[in-house]
Amino acid sequence: MSGAGAPSLELDGRGLRVTIVAASWHTVVMDGLVAGAERALAEAGVHDVRLVRVPGSFELPVAAARVARGGVDAVVALGVIIRGGTPHFDYVCSAATTGLTDVAVRSGVPVGFGVLTCDDEAQALDRSGLPGAREDKGAEAAQAAVATALALRGV
Ligand code: DLZ
C-alpha cells in the first residue's frame, strides 16, 4: 500500500484520554513507532497518554479490548510484523487486523491501526518515523485515532 494520499489533520485533542498498546518484537522499529505516536499526541494537545506493552502483535487485540473497556477515548495499536519463511506471518497479521477491527467496532472506541506488515526490516524502518524514514506510521495511527474520537463526539 502506498503512503501517498494521507490527509493533513489539524487536531485539538485537549481533554482526551488515549492509550497506546504496543507490541515488543523488532525493538528499534517499535521505538520509532511509539515515539511517533507520543509526539503526534503531544502535538494534538492530548496530555492523558498511557502506554501498555505486550509481547507480540498477536496480543494487541486483547490488550486493546481491555483498555477500551476502561473508558478511554481512543486506543493506538502499534506493532511490527516481518515476513518469515512460514505462513505464521499471515496468521499473526490476520489475528491483529481482524482482532483490532473487532475491538473498535464492538466497543465503539476508535483504534488507530499502526501495525506494520512488512517483507523485511528495511521496509519497516522506512515507515518507523526514525531519522531518515520516509513515513511515520506511529504518528499517523495516533492522529487517526484522535481524529476519529473527535469526529464521533456527540454523534
Ligand atoms: C511468533 C512471532 C513471530 C514469528 N514474528 C512476530 C513478528 O514479526 N511481530 C510480532 O509482533 N510478533 C511476532 N511473533 C509473536 C506473536 O505475535 C505472539 O506474541 C506469539 O505467537 C505468542 O502468542
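For the chain, what is the mean residue ellipticity at 222 nm derived from helices alone (per DSSP H run of n ≥ 4: -39500 (n - 2.57); sum divided by total residues; nearest 500 deg cm²/dmol)? Write down the numbers at each step before the final one.
Numbers: 5 runs with 68 residues, N = 155.
That comes out to -14000 deg cm²/dmol.
Can you give the extra length, in nm with one decimal, that the chain gains between Phe89 and Val62 once fully stretched, where that is 0.36 nm per residue apart less the Cα-Cα distance?
Gain on extension, Phe89 to Val62, equals 7.9 nm.
Of Ser57, Ser8, how do they rank once you tally other Cβ atoms within 10 Å and put the fewest first?
In increasing order of surrounding Cβ atoms, one gets Ser8, Ser57.
Quote the charge dipole size of the chain about the Cα centre in Debye, to the nearest 20; the model charges only the Cβ of Lys and Arg (+1) and of Asp and Glu (-1).
Here the size comes out at about 520 debye.
Percent relative contact order of the chain, based on C-alpha pairs within less than 8 angstrom and at least six residues apart?
About 29 percent, as a whole number.
Taking Rh as the Kirkwood radius, which is the inverse of the mean 1/r over Cα pairs, what is the Rg/Rh value for the range 9-85?
We get a ratio of 1.00 for the range 9-85.
How large is the convex hull of the Cα atoms of the chain per residue, expressed in Å³ as a whole number? Show your work: numbers first, answer last.
Values: hull volume 16.3 nm³, N = 155.
It comes to 105 Å³ per residue, whole-number rounded.
If we sort 111-121, 80-90 on the protection proxy, mean other Cβ atoms within 10 Å, highest first, what's the order?
Working: 111-121: 20.4, 80-90: 14.1.
Top to bottom by mean Cβ count within 10 Å: 111-121, 80-90.
Values in this text are rule-based calculations from the coordinates and carry no lab data. Worth saying up front: this structure is predicted, and the values here are computed from it rather than measured. Positions of Cβ are generated from backbone atoms using ideal geometry, with glycine treated the same way; all protein chains shown enter the neighbour counts.
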